[in-house]
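Below is one structure, written out as structure tokens; the observations come after it.
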Amino acid sequence: MKIALFGGSFDPVHNEHVRYVQAAKAALGLDRVYIIPSHIAPHKAFGAAASGADRLQMCNLAFRNLPYAEVSDYELRAAGTSYSYLTCRAFAERFPNDELYFLVGADMLEDFFTWKNPDDILAHATLVACGREGENPAEFREEFFRRFGKEFISISFAGDAAASHKLRVDLAFRKPTPDLDRAVRRYIDENRLYGHPAIAPALALEKPQRREHSYRVALMAVARARSVGVAEGKALLASALHDCAKYVPLTSPLLEDFTPPENVPPPVMHQYTGAYLARHAFGIEDEEVLDAIRYHTSGRAGMTALGKLVFLADMLESGRSFDGVERLREIFWKDLDGCFYEALREQTEYLAASGGRVYPLTREAYEYEKARQNR
């Protein structure tokens, strides 16, 4: 038999995962494909957002109409970090007389060279790079053969890109998810997976246009979070709640016990009231998340990576338009600290030149980051 292994976090499993498998089946004449949710993926330091049991069940739902697909709990039962070479070795021992294939996305091919024991994977299975039409893994063939002395199989299929981190933001904001199987979406909703219970009531305080802004901030912050060592859940929560007090006046009963700081300009006040509501109205106790909300407009000296992430995503999300925004966005994806410094510098210099007031915390943040940049 021809058997393929398809592993991943599947957090959540989406329609493109199913199209991967269908394309591989058609191209290779596969008899069976094992879908293998990981316990802890080696490249994801913070783990999956949904539990292993939930991801396993979502995979069962997503692949229920493919009779040749079987969802395996092998890596979940094995626990620990899920290394593909161990999985391939185990299935090769289970099926010693069958042809074994190992499916990866074409976008993962470049990283394959850095995986743990890639030679061991190739000793037991043929690597199959499966990607959308237009993606070209052929550029890696020469380097791949030089490194491993073997070829990989390339398969193209018609499909739309679906990023799991975007789906998790969409789910948290209760957006439509056409990239999810309906049964998977129903399971997610019924089991309240992804997001945080504080997000919906916090967004209810915002006007529709402001909710869309918060959504775009969350998309940008979450997309960058893992690469700068920030837990995705914290980036999502702080982004979703950062403007929760934008339209809540100081006279509101929700702020009855709130004491405003002195000499705060009106455009800045909502960062303080937002942190207050996050704690007292929505039950957020994570001080790092609260600080990210508390200083998302002004910034401050010594901000954490999470604080910088929310500050910058708020300033640079796709709906923003001002001179220099594209340059700052380019820096954002390469150097978070450098982008924070440049954003503070431009903001401070613009206000100084136009006769505007620079809020003290903003000036302190700028001087602090300037000193760090010049070390």
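The values are calculated or read from the model by the stated rules, or taken from the named source; none is laboratory data. Only a predicted model underlies this, so the values are computations on that prediction, with no experimental measurement involved. In this analysis, Cβ positions are derived from the backbone assuming ideal geometry, glycine residues included, and neighbour counts consider all displayed protein chains. Surface areas here come from the heavy atoms of the whole protein model, side chains and all, with no ligands, DNA or RNA. Shrake-Rupley method; radii C 1.70, N 1.55, O 1.52, S 1.80 Å.
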Problem - Residue check, Ser239 surrounded by 14 or more Cβ atoms within 10 Å (Cβ to Cβ), of a type in the set (S, T, N, Q) and within 15 Å of Val310 (Cα to Cα) - result: yes
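Here is a yes/no grid of residues against (1) farther than 22 Å from Leu277 by Cα; (2) of a type in the set (D, E, K, R); (3) in contact with an Asp or Glu (Cβ under 6 Å, 6 or more places away or on another chain):
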{"site": "Arg146", "(1), (2), (3)": "yes, yes, no"}
{"site": "Val184", "(1), (2), (3)": "yes, no, no"}
{"site": "Asp189", "(1), (2), (3)": "yes, yes, no"}
{"site": "Ala202", "(1), (2), (3)": "no, no, no"}
{"site": "Ala238", "(1), (2), (3)": "no, no, no"}
Problem - Selection within segment 25-42 - open to solvent by less than 20 Å² (accessible area, probe 1.4 Å) and modelled with pLDDT under 95 - result: Ser38, Ala41
Practice task
Taking the options Arg64, Arg55, Arg77, name whichever one is of a type in the set (Lys, Arg), assigned to a helix (DSSP H, G or I), open to solvent by 30 Å² or more (accessible area, probe 1.4 Å) and on the phi < 0 side of the Ramachandran plot.
Solution key: Arg77
Practice task
Answer yes or no: is there a residue in segment 114-127 that is of a type outside the set (A, V, I, L, M), in contact (Cβ under 8 Å) with a residue 60 or more places away in the chain, open to solvent by less than 20 Å² (accessible area, probe 1.4 Å) and not in a loop (DSSP other than H, G, I, E, B).
Solution key: no
Exercise for the section: Please list, ordered by first then second residue, the pairs with beta carbon atoms under 6 Å, 6 or more apart or interchain, first in segment 317-338 and closer than 21 Å to Ser214 by Cα, second among the basic types (Lys, Arg) and surrounded by 12 or more Cβ atoms within 10 Å (Cβ to Cβ). Expected result: Glu317/Arg216; Ser318/Arg216; Gly319/Arg216; Leu336/Lys308
Fill in the blank from the handout: Cβ pairs under 7 Å, 6+ apart or interchain, first in segment 245-260 and open to solvent by less than 30 Å² (accessible area, probe 1.4 Å), second not in a helix (DSSP H, G or I), ordered by first then second residue, are Val248/Leu205; Leu255/Val248
Problem - Members of segment 218-244 that are out of contact with any helix residue (DSSP H, G or I) (no Cβ under 8 Å at 6 or more places or on another chain), in contact (Cβ under 8 Å) with a residue 60 or more places away in the chain and among the polar types (S, T, N, Q) - result: none
Handout entry: First in segment 189-205 and closer than 19 Å to Asp11 by Cα, second anywhere and of a type in the set (A, V, I, L, M) and in a loop (DSSP other than H, G, I, E, B), Cβ under 8 Å, 6 or more apart
Key = Leu193/Ala49; Leu193/Ala50; Tyr194/Ala49; Tyr194/Ala50
Practice task
Could you pull out every one of the helices (runs of 4 or more DSSP H) wholly within segment 152-203 that has 1 or more residues that are touching a Ser or Thr at 6+ places or on another chain (Cβ under 7 Å) and among the charged types (D, E, K, R)?
Solution key: 164-172, 182-190
Practice task
Search segment 136-149 for residues being open to solvent by less than 60 Å² (accessible area, probe 1.4 Å) and modelled with pLDDT under 70, and hand back the single one that is nearest to Tyr20 (Cα to Cα).
Solution key: Pro137
Practice task
Scan segment 274-285 and report the pairs whose first residue is closer than 20 Å to Val264 by Cα and whose second residue is among the basic types (Lys, Arg) and buried (at least 17 other Cβ atoms within 10 Å of the Cβ), with Cβ atoms within less than 6 Å and a gap of 6+ or a chain change.
Solution key: Ala275/Arg294
Exercise for the section: Determine if segment 86-107 includes at least one residue that is out of contact with any Gly (no Cβ under 7 Å at 6 or more places or on another chain), over 30 Å from Ala172 (Cα atoms), hydroxyl-bearing (Ser, Thr, Tyr) and open to solvent by less than 30 Å² (accessible area, probe 1.4 Å). Expected result: yes
Handout entry: Residues located in segment 350-366, provided they are exposed (fewer than 13 other Cβ atoms within 10 Å of the Cβ) and of a type outside the set (Gly, Ala, Ser)
Key = Arg357, Pro360
Practice task
Check whether at least one residue in segment 220-241 is assigned to a loop (DSSP other than H, G, I, E, B) and polar (S, T, N, Q), and report yes or no.
Solution key: no
Fill in the blank from the handout: Exactly one of Gly283, Gly274 is out of contact with any helix residue (DSSP H, G or I) (no Cβ under 8 Å at 6 or more places or on another chain) and either among the small types (Gly, Ala, Ser) or open to solvent by less than 10 Å² (accessible area, probe 1.4 Å) (or both), and that residue is Gly283
